[in-house]
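Participant: Okay, handing you the structure first.
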Amino acid sequence: MRTAVIEVRGALVDFARPTTEVSFELPLGLRDLVQSQGVPHVEVAAVTVDGREVPWSHRIRGDEHIVVKPRYPLPGSLSDPRFALDGHLGTLARDLRLLGFDSWYQRTVDDADLASISVESGRMLLSRDLGLLMRSVLATASYVRATDPDEQIVEVLARFGLGDKVQPFRRCLPCNALLVSASASQVVADVDPRVAAQFPTFRRCPDCRRTYWKGSHYERLAARVETILGSAPIRAAAERPRPADPRSQPGG
């Protein structure tokens, strides 16, 4: 029987014990061994074996000391904050759209299709499904730890350093499209005449044709935006030093 010691650091202790001795009979691929401990490869920035950084294709033969280093939180901001979310994260998708982030979401979607959409469109996949995040095709994805929607949006903004990239009220909440400006005369057929007379400017979704204006619903959403951005994790993330990003993942 062969053995190896796996040490996980930082946020990766959410998935596995800090240090574990594992036993196996035949040489194993590094990715398979790490993921067998419940750690998705997409959450890993780098892996060293006996002090030397190695690619995922490295084979573990026994008696090695493996150190697995976390990818998140990022040392800086996510350079291209576009997301794909699994079907259990509908409120998070809506909140990301509220804050102006391009967020693909469908309530019902097959795991394989969702992974393909993420890869082909270059979107960061967000999920609470560890099995989905362990699909080898994925390179940019992250596990959402929080179960409370109010905590999920704060977690995502803090993890990816997005507090200073928020642009609220520029996307349609149900369909994600960018909104366009419209005058009262352009929306008079779609809204109550009293609303059209009260508000001088509107925004309209070019895809689903929904119309938005600064009524009581807007005020409630504006209060939610203020609460999110005023949370302690977002303030702390904004104050973190921003060194250059390290390599995002091991090669191979």
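Participant: Residue pairs, Cβ under 8 Å, 6 or more apart or interchain, first in region 2-13 and at positive phi and in contact (Cβ under 8 Å) with a residue 40 or more places away in the chain, second among the charged types (D, E, K, R) and open to solvent by 50 Å² or more (accessible area, probe 1.4 Å). List them.
Facilitator: Sorted first by the residue in region 2-13, then by its partner, the pairs are Gly10/Lys69.
Participant: For region 45-68, does any single residue satisfy the condition of being among the aliphatic types (A, V, I, L, M), in contact with a His (Cβ under 7 Å, 6 or more places away or on another chain), without any contact (Cβ under 8 Å) to a residue 24 or more places away in the chain and surrounded by 13 or more Cβ atoms within 10 Å (Cβ to Cβ)?
Facilitator: Yes; the residues of region 45-68 include at least one that is among the aliphatic types (A, V, I, L, M), in contact with a His (Cβ under 7 Å, 6 or more places away or on another chain), without any contact (Cβ under 8 Å) to a residue 24 or more places away in the chain and surrounded by 13 or more Cβ atoms within 10 Å (Cβ to Cβ).
Participant: Going by the structure shown, is Val109 at pLDDT below 95, farther than 21 Å from Ile228 by Cβ and open to solvent by less than 50 Å² (accessible area, probe 1.4 Å)?
Facilitator: yes
Participant: Among the residues of region 181-200, which ones are assigned to a helix (DSSP H, G or I) and either loosely packed, with under 11 Cβ neighbours inside 10 Å or out of contact with any Phe, Trp or Tyr (no Cβ under 9 Å at 6 or more places or on another chain) (or both)?
Facilitator: Hits for region 181-200 are Ser185, Pro193, Arg194, Ala197.
Participant: Would you mention how many residues in region 65-118 are assigned to a helix (DSSP H, G or I), over 13 Å from Pro174 (Cα atoms) and not charged (D, E, K, R)?
Facilitator: Counting residues in region 65-118 that are assigned to a helix (DSSP H, G or I), over 13 Å from Pro174 (Cα atoms) and not charged (D, E, K, R) gives 6.
Participant: If you don't mind, there's one more thing I want to ask. Basic (Lys, Arg) and surrounded by fewer than 15 Cβ atoms within 10 Å (Cβ to Cβ): which single residue out of Arg224, Arg203, Arg220 fits that description?
Facilitator: Matching residue, one of Arg224, Arg203, Arg220: Arg220.
Participant: Considering only region 91-104, I want to know if a residue exists there that is at pLDDT 95 or above, open to solvent by less than 20 Å² (accessible area, probe 1.4 Å) and either at positive phi or acidic (Asp, Glu) (or both).
Facilitator: Checking region 91-104: at least one residue is at pLDDT 95 or above, open to solvent by less than 20 Å² (accessible area, probe 1.4 Å) and either at positive phi or acidic (Asp, Glu) (or both).
Participant: Would you be able to say whether some residue in region 134-155 is surrounded by fewer than 21 Cβ atoms within 10 Å (Cβ to Cβ), small (Gly, Ala, Ser) and assigned to a helix (DSSP H, G or I)?
Facilitator: Taking every residue of region 134-155 in turn, none turns out to be surrounded by fewer than 21 Cβ atoms within 10 Å (Cβ to Cβ), small (Gly, Ala, Ser) and assigned to a helix (DSSP H, G or I).
Participant: Among the residues of region 1-43, write down those that are of a type in the set (Asp, Glu) and in contact with a Leu (Cβ under 7 Å, 6 or more places away or on another chain).
Facilitator: Once the filter is applied, which keeps residues that are of a type in the set (Asp, Glu) and in contact with a Leu (Cβ under 7 Å, 6 or more places away or on another chain), region 1-43 yields only Glu43.
Participant: Something else now. Looking at (1) open to solvent by 30 Å² or more (accessible area, probe 1.4 Å); (2) touching a residue at least 24 places away in the same chain (Cβ under 8 Å); (3) not β-branched (Val, Ile, Thr), find the lone condition where Ala158 falls short.
Facilitator: With respect to (1) open to solvent by 30 Å² or more (accessible area, probe 1.4 Å); (2) touching a residue at least 24 places away in the same chain (Cβ under 8 Å); (3) not β-branched (Val, Ile, Thr), Ala158 is out only on (1).
Participant: Would you call Val39 buried (at least 20 other Cβ atoms within 10 Å of the Cβ) and part of a loop (DSSP other than H, G, I, E, B)?
Facilitator: Against the criterion (buried (at least 20 other Cβ atoms within 10 Å of the Cβ) and part of a loop (DSSP other than H, G, I, E, B)), Val39 qualifies.
Participant: What are the pairs with Cβ atoms under 8 angstrom where one residue, in region 198-211, is charged (D, E, K, R) and the other, located anywhere, is surrounded by 15 or more Cβ atoms within 10 Å (Cβ to Cβ) and part of a loop (DSSP other than H, G, I, E, B)? Sequence gap at least six, or different chains.
Facilitator: Qualifying pairs under 8 Å: Arg203/Phe169; Arg203/Leu179; Arg203/Trp213; Arg204/Leu179; Arg204/Arg210; Asp207/Cys172; Asp207/Ala177; Arg210/Cys172.
The values are calculated or read from the model by the stated rules, or taken from the named source; none is laboratory data. Note that this is a predicted model, so its numbers are computed, not measured. Positions of Cβ are backbone-derived with ideal geometry, glycine not excepted, and every protein chain shown enters the neighbour counts. Areas reflect the complete protein model, heavy atoms only, side chains present, ligands, DNA and RNA absent. Shrake-Rupley method; radii C 1.70, N 1.55, O 1.52, S 1.80 Å.
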